[in-house]
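See below for the structure under consideration.
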Amino acid sequence: MRIDRVYIEDYKNLKQFEINLDESEMKTVLLGQNATGKSNFLEALILVFKNLDLSTETKRYSCPFEYKLLYFIGSENHKIEINFLKGSYSILVDNKKQTFKSFFSKESKSIYQPKYVFTYYSGLSNKLKEHFWDHQNNFYNKIINEDFKEDDLDSLRKLFYVQLVHSYFVLLAYFTHEEEESLKFLKEVLNIQDIESILFVLKMPGWAKNRIKENPDDIFWTAKGLVRPFLDKLWDLSLAPIYHNEKVRVDFDDYDPQDQLFLFL
């Protein structure tokens, strides 16, 4: 997907803001002094695609500002024009007007909306991260179920906020699969030769305190769903798993006990 033009009526310091990007280039670099609106522009784009992705055939989500958006997507280079003005959507696909039911159907969303929106922010503020909470919450509520199917993953988490901890899991995945091309990339591009050791420190979640009474022998406090096979694999590979109870400071003069499990690979 490549964004061509964006118009934002009024969002933070963006007033009747319009930008025309080069849709033929794969990278766009925004340069400007502090507090000129670079982060606000990216934040506005996240809100646009967040609400488009959350919208369905029967329920519409919308941004707290009016906007116009033009982008091209897919191998067929579909032209998508979305106007959200005066509280109402107007959508064109290849210059043809679309009904809401058609555009926000699962099939159309897979064709006309970006498959993923990844965001990384190096600043101290959580203002961008908060916009991903709805998707994160939907994702979490689905994957903890015992009957969750991995085939549903792609449709669950199209918006993804990248954090430092994710880099560790990506690196672990590279070395776990041991694909020749991946290992070559790590060595030649990133100069990473191997992994020496990894320490996982797991803490018992609050929801497990009642469930563990029914199954006290469960090594992972009755965790279920998508994460369970991963945890079972960690247990099989780890050296000398250790359970530990530690007092964790929750305030300057208050401590809570926390059950932890150390798994060393």
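Of note:
- When the stretch 161-175 is limited to residues that are in contact with a helix residue (DSSP H, G or I) (Cβ under 9 Å, 6 or more places away or on another chain) and hydrophobic (A, V, I, L, M, F, W, C), the one that is surrounded by the fewest Cβ atoms within 10 Å (Cβ to Cβ) turns out to be 173.
- Hits in the stretch 237-248 (condition: surrounded by fewer than 13 Cβ atoms within 10 Å (Cβ to Cβ) and within 29 Å of the chain's Cα centre (by Cα)): 237, 248
- Selection count, the stretch 221-232, where residues are under 24 Å from the mean Cα position of the chain (by Cα), exposed (fewer than 14 other Cβ atoms within 10 Å of the Cβ) and among the charged types (D, E, K, R): 0
- The residue of the stretch 42-65 that is nearest to residue 89 (Cα to Cα), among those that are in contact (Cβ under 8 Å) with a residue 60 or more places away in the chain and of a type in the set (A, V, I, L, M, F, W, C), is 52.
- Residue within the stretch 14-29 that is surrounded by 12 or more Cβ atoms within 10 Å (Cβ to Cβ), part of a loop (DSSP other than H, G, I, E, B) and either on the phi > 0 side of the Ramachandran plot or over 23 Å from the mean Cα position of the chain (by Cα) (or both) present: yes
- Looking at 255, 243, just one residue is among the aromatic types (Phe, Trp, Tyr), farther than 27 Å from residue 149 by Cβ and modelled with pLDDT under 90, and that residue is 255.
- Within the stretch 134-151, the set of residues being among the charged types (D, E, K, R) and either surrounded by 16 or more Cβ atoms within 10 Å (Cβ to Cβ) or under 19 Å from the mean Cα position of the chain (by Cα) (or both) comprises 134, 142, 149, 150, 151.
- Of the set (1) touching a residue at least 12 places away in the same chain (Cβ under 8 Å); (2) surrounded by 10 or more Cβ atoms within 10 Å (Cβ to Cβ), all apply to residue 190 but (1).
- Screening residue 230 on (1) closer than 22 Å to residue 198 by Cα; (2) of a type outside the set (A, V, I, L, M); (3) at pLDDT 90 or above shows it passes everything except condition (3).
- Taken together, 109, 158 contain a single residue that is touching a strand residue (DSSP E or B) at 6+ places or on another chain (Cβ under 9 Å) and buried (at least 16 other Cβ atoms within 10 Å of the Cβ), which is 158.
The values are calculated or read from the model by the stated rules, or taken from the named source; none is laboratory data. These figures come from a predicted structure and were not determined experimentally. We place every Cβ from the backbone using ideal geometry, glycine too, and count neighbours over all the protein chains shown.
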